[in-house]
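One structure is given below, encoded as structure tokens.
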Amino acid sequence: MARVTVNKKNEVVIPAEVAASLGLQPGAELDVQVTKGGLWLRLAGCEPDQWWYWTPEWQRGEDEVEANLKAGLVGTRHESDEEFLVSLAARIRRD
């Protein structure tokens, strides 16, 4: 959690580490919502039931997947559970 201060112009500066973790760039639009518990800021167009995607934990996983793709560690796609299980069994037999 980060703490910020509202200045005389009613502006809030988002800390650099928070902005970086969300990929915010100058000019990014945010939705502001007043709730019973306070104030929510969210990326414009991001529905509340999709907020999980933007959590630091989920984004770390996205970064890991992207790194694995770039490193060539992911290359097999299975169209069904059955196809995956057949492929897995074949790999186990090879090893």
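The values are calculated or read from the model by the stated rules, or taken from the named source; none is laboratory data. All values reported here derive from a predicted model rather than from experimental measurement. Don't worry about glycine lacking a Cβ; one is built from the backbone with ideal geometry, like all the others, and counts go over all protein chains shown. Each accessible area value is taken on the protein alone, full model and side chains, heavy atoms only, with ligands, DNA and RNA left out. Shrake-Rupley method; radii C 1.70, N 1.55, O 1.52, S 1.80 Å.
What is the one condition in (1) part of a helix (DSSP H, G or I); (2) on the phi > 0 side of the Ramachandran plot that residue 57 does not satisfy?
Failing condition for residue 57: (2).
If you check every pair at least six apart or on different chains, which have Cβ atoms under 6 Å apart with a residue in the range 35-55 that is more than 19 Å from residue 1 (Cα to Cα) first and a residue that is loosely packed, with under 11 Cβ neighbours inside 10 Å second?
Listed pairs, sorted by first residue: 44/29.
Can you tell me which residues in the range 27-36 are exposed (fewer than 10 other Cβ atoms within 10 Å of the Cβ) and under 22 Å from residue 53 (Cα atoms)?
Residues of the range 27-36 that are exposed (fewer than 10 other Cβ atoms within 10 Å of the Cβ), as a first pass: 27, 29, 34-36.
Result: 27, 29, 34, 35.
What residue, of 39, 43, is loosely packed, with under 10 Cβ neighbours inside 10 Å and closer than 19 Å to residue 14 by Cβ? So that I can check it myself, show each step before the final result.
Values: 43 fails: loosely packed, with under 10 Cβ neighbours inside 10 Å.
Exactly one of 39, 43 is loosely packed, with under 10 Cβ neighbours inside 10 Å and closer than 19 Å to residue 14 by Cβ, namely 39.
Restricting to the range 27-36, name every residue that is farther than 17 Å from residue 10 by Cα and in a strand (DSSP E or B). Give the derivation first.
Within the range 27-36, the first condition is being farther than 17 Å from residue 10 by Cα, and the residues that meet it are 27-28, 35-36.
Selection gives 35 alone.
Do you know which of the residues in the range 1-21 that are more than 15 Å from residue 56 (Cα to Cα) and exposed (fewer than 10 other Cβ atoms within 10 Å of the Cβ) is nearest to the chain's Cα centre (by Cα)?
Only one residue tops the list, namely 3.
Consider residue 54 carefully, then state whether it is open to solvent by 80 Å² or more (accessible area, probe 1.4 Å) and in contact with a strand residue (DSSP E or B) (Cβ under 8 Å, 6 or more places away or on another chain). I'd like the intermediate steps shown before the answer.
Values: open to solvent by 80 Å² or more (accessible area, probe 1.4 Å): yes; in contact with a strand residue (DSSP E or B) (Cβ under 8 Å, 6 or more places away or on another chain): yes.
For residue 54, the condition - open to solvent by 80 Å² or more (accessible area, probe 1.4 Å) and in contact with a strand residue (DSSP E or B) (Cβ under 8 Å, 6 or more places away or on another chain) - is met.
Go through (1) surrounded by fewer than 11 Cβ atoms within 10 Å (Cβ to Cβ); (2) touching a helix residue (DSSP H, G or I) at 6+ places or on another chain (Cβ under 9 Å); (3) part of a loop (DSSP other than H, G, I, E, B) one by one and return the number of the condition residue 24 breaks.
Condition (1) is where residue 24 drops out.
Find the residue count for the range 57-69, including only residues that are loosely packed, with under 10 Cβ neighbours inside 10 Å and more than 14 Å from the chain's Cα centre (by Cα).
Of the residues in that region, 0 qualify.
Of the conditions (1) assigned to a helix (DSSP H, G or I); (2) open to solvent by 70 Å² or more (accessible area, probe 1.4 Å), residue 74 clears all except one; give me its number.
Tallying (1) assigned to a helix (DSSP H, G or I); (2) open to solvent by 70 Å² or more (accessible area, probe 1.4 Å), residue 74 fails exactly one: (1).
Every residue in the range 77-90 that is at pLDDT 90 or above and either touching a helix residue (DSSP H, G or I) at 6+ places or on another chain (Cβ under 7 Å) or part of a helix (DSSP H, G or I) (or both), please.
81, 82, 83, 84, 85, 86, 87, 88, 89, 90
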